[in-house]
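Encoded as structure tokens, the structure appears first; notes follow it.
Please treat every number below as a calculation from the coordinates, not as lab data. Worth saying up front: this structure is predicted, and the values here are computed from it rather than measured. When we count neighbours, we look across all protein chains shown, and the Cβ atoms used for this are built from the backbone with ideal geometry, even at glycine.
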């Protein structure tokens, strides 16, 4: 079907909507790469190891050392613990509130740009369908104005118009998969941060 055609001729055959879908695919790929690198970095973080090192510092009375230990790692878990340690000496409510606020901050940062992928996943198919409708209308218009009533003319026009729908699906499917993966991953990281906060809070309360 596309033998001997360049990428630009294929895009042109699908109409101007193809360039919109191309932009959507570029945005999706950019967000997927950015988020994948972020999640890989977080995955390397040893949540349990961080907590144990912090507990050892606190047990020896070295709160400043515990804070420094948090700053060495710079990941969501150590950041949440650090926010709680900054309230050390205050009420339990103050410590818990500080960690809860920081968890919310971390979640918002992790969710950044994911809405773009979700929106593209939900709308790319409709954008492609819109391009197909325009293409079919153009094909029939050409038939009426040029007097070409042959079946081959209709088939060629419709097949070119359907390229937009196919492209919309190619953009939408990976976007939806990526968005669902991101949301699942973020939810897991959030729960792990809450576990860190809960464990530190309990440890401080029973010292």
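Against the chain, whose longest principal axis is taken from its Cα atoms, helix 151-205 shows a tilt of about 0°. Note on residue 113 and residue 60: the extension gain reaches 14.9 nm, defined as 0.36 nm multiplied by sequence separation minus the Cα-Cα distance. How far apart, in nm, are two points set 7 Å out from the Cα along the Cα-to-Cβ line at residue 36 and at residue 126? Distance between the two pseudo-spin positions: 2.9 nm. The angle separating the long axis of helix 47-59 from the principal Cα axis of greatest extent in the chain is about 20 degrees.
Cβ-to-Cβ counts within 10 Å put 111, 64, 160 in ascending order as 64, 111, 160, the fewest first. Computed from Cα atoms, the angle from the helix 63-73 axis to the main principal axis of the chain rounds to 20 degrees. Here the label points at residue 22 and residue 140, each 7 Å from Cα along the C-beta direction, are separated by 2.9 nm in the simple model. In the chain, Cα pairs under 8 Å separated by at least six residues give a relative contact order of 30 percent.
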